[in-house]
Amino acid sequence: MSTTMRRFALFISLFCFLSSANGAPLKLNYSLFFGYMKTLYKLQYEQVTTAFFLVDKNSGNGCLIEQAEMVVDEKREAIAFTQAGRLLPFFSDEHRKDGAIIEVRLISGQENRQCDLQVTLMAKESQLENLTHSKLALISEQLQGVLNKNAGMIGKYFLPDFIGVRVQPVQPVSAAQRKVLAENIKVADNGDLLISNQFLQTDKGESLINFQVQRITPWLENNHQLH
């Protein structure tokens with residue numbers, strides 16, 4: 001697989017096997033995080049972000065974090081995280097050049113878990129309300145822009161077709177809620193709502209989804225099992 005296509009595969013959903021021996025911290029190369037953050041820094045998109053999660057290899061649940069630090073030689077700096085497994089490293093070209101490592105300690109009782117690093121392109125949490133045609137169309141445009149930028153001038157022609165957005169509700173959509181959804185919104189087997197760019201371009205200006213949303217990610221070809 002080419003370097004370009006490896007970056008694409010990682011960007012959709014990277015799973016990097018990690019484990020800690022005898023309670024030692026997990027260690028991750030900061031340059032991996034920096035590469036994805038640099039793309040968003042250049043594009044200056046306000047609706048989307050790259051999220052980094054530590055996920056239990058067996059259960060699929062978040063690996064519970066107790067402490068996360070950026071380490072260069074003997075210098076340590078705390079980085080933000082959520083206890084449920086999301087890492088929020090800061091953007092620093094200086095740390096990248098210095099070969100920084102991110103060290104993560106899990107909470108007591110989880111030190112020997114096998115964790116995967118999952119990299120996900122998604123809408124920012126601040127953008128998950130009042131989901132009109134135009135707002136979702138802008139989110140979709142920016143998600144696709146990031147994917148194309150990471151794939152490069154040649155690699156973008158080998159990406160799966162970008163169909164639209166996947167909207168993950170906080171709670172499963174009820175039968176009553178399905179009745180009020182636009183007929184063009186499809187429901188995947190896992191309960192995600194699939195909304196095509198073609199439909200979003202109708203721009204009716206109305207709210208499409210009136211319930212709580214957990215995540216919005218790209219909807220790509222061959223990734224849309226439907227009821």
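Structural remarks
- Within the stretch 59-91, the set of residues being within 20 Å of the chain's Cα centre (by Cα), at negative phi and part of a loop (DSSP other than H, G, I, E, B) comprises SER59, ASN61, CYS63, LEU64, ILE79, THR82, GLN83, ALA84, PRO89, PHE90, PHE91.
- Evaluated against (1) closer than 27 Å to LEU40 by Cα; (2) open to solvent by less than 20 Å² (accessible area, probe 1.4 Å); (3) of a type in the set (A, V, I, L, M), ILE185 falls short on exactly one condition, (1).
- When the stretch 163-174 is limited to residues that are touching a Ser or Thr at 6+ places or on another chain (Cβ under 8 Å) and not aliphatic (A, V, I, L, M), the one that is most open to solvent (accessible area, probe 1.4 Å) turns out to be GLN168.
- Residue count for the stretch 155-183, restricted to those that are farther than 18 Å from THR49 by Cβ, under 23 Å from the mean Cα position of the chain (by Cα) and of a type in the set (Val, Ile, Thr): 3
- Residues being open to solvent by 10 Å² or more (accessible area, probe 1.4 Å), touching a residue at least 12 places away in the same chain (Cβ under 8 Å) and farther than 20 Å from PHE162 by Cα - total across the stretch 111-126: 6
- Beta carbons closer than 8 Å, at least 6 apart along the sequence or on distinct chains, pair a first residue in the stretch 134-152 that is at pLDDT below 95 and part of a helix (DSSP H, G or I) with a second that is hydroxyl-bearing (Ser, Thr, Tyr) and surrounded by 21 or more Cβ atoms within 10 Å (Cβ to Cβ) for ASN150/TYR36.
- Among (1) touching a helix residue (DSSP H, G or I) at 6+ places or on another chain (Cβ under 6 Å); (2) at pLDDT 85 or above - the single one ASP203 does not satisfy: (2)
- Of all the residues in the stretch 199-214, those that are farther than 10 Å from VAL165 by Cβ, under 23 Å from the mean Cα position of the chain (by Cα) and not in a loop (DSSP other than H, G, I, E, B) number 4.
Per-residue answers, yes or no, for (1) open to solvent by less than 50 Å² (accessible area, probe 1.4 Å); (2) in contact with a Lys or Arg (Cβ under 8 Å, 6 or more places away or on another chain); (3) more than 24 Å from LEU147 (Cβ to Cβ):
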site	(1), (2), (3)
THR50	yes, no, no
PHE53	yes, yes, no
ASP56	yes, yes, yes
PHE91	no, yes, no
SER108	no, no, yes
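The values are calculated or read from the model by the stated rules, or taken from the named source; none is laboratory data. From a predicted model like this one, the values you see are computed outputs, not experimental measurements. Glycine gets a Cβ as well: all are built from the backbone with ideal geometry, and neighbour counts include every protein chain shown. Protein only, heavy atoms only, side chains kept; ligands, DNA and RNA dropped before computing areas. Shrake-Rupley method; radii C 1.70, N 1.55, O 1.52, S 1.80 Å.
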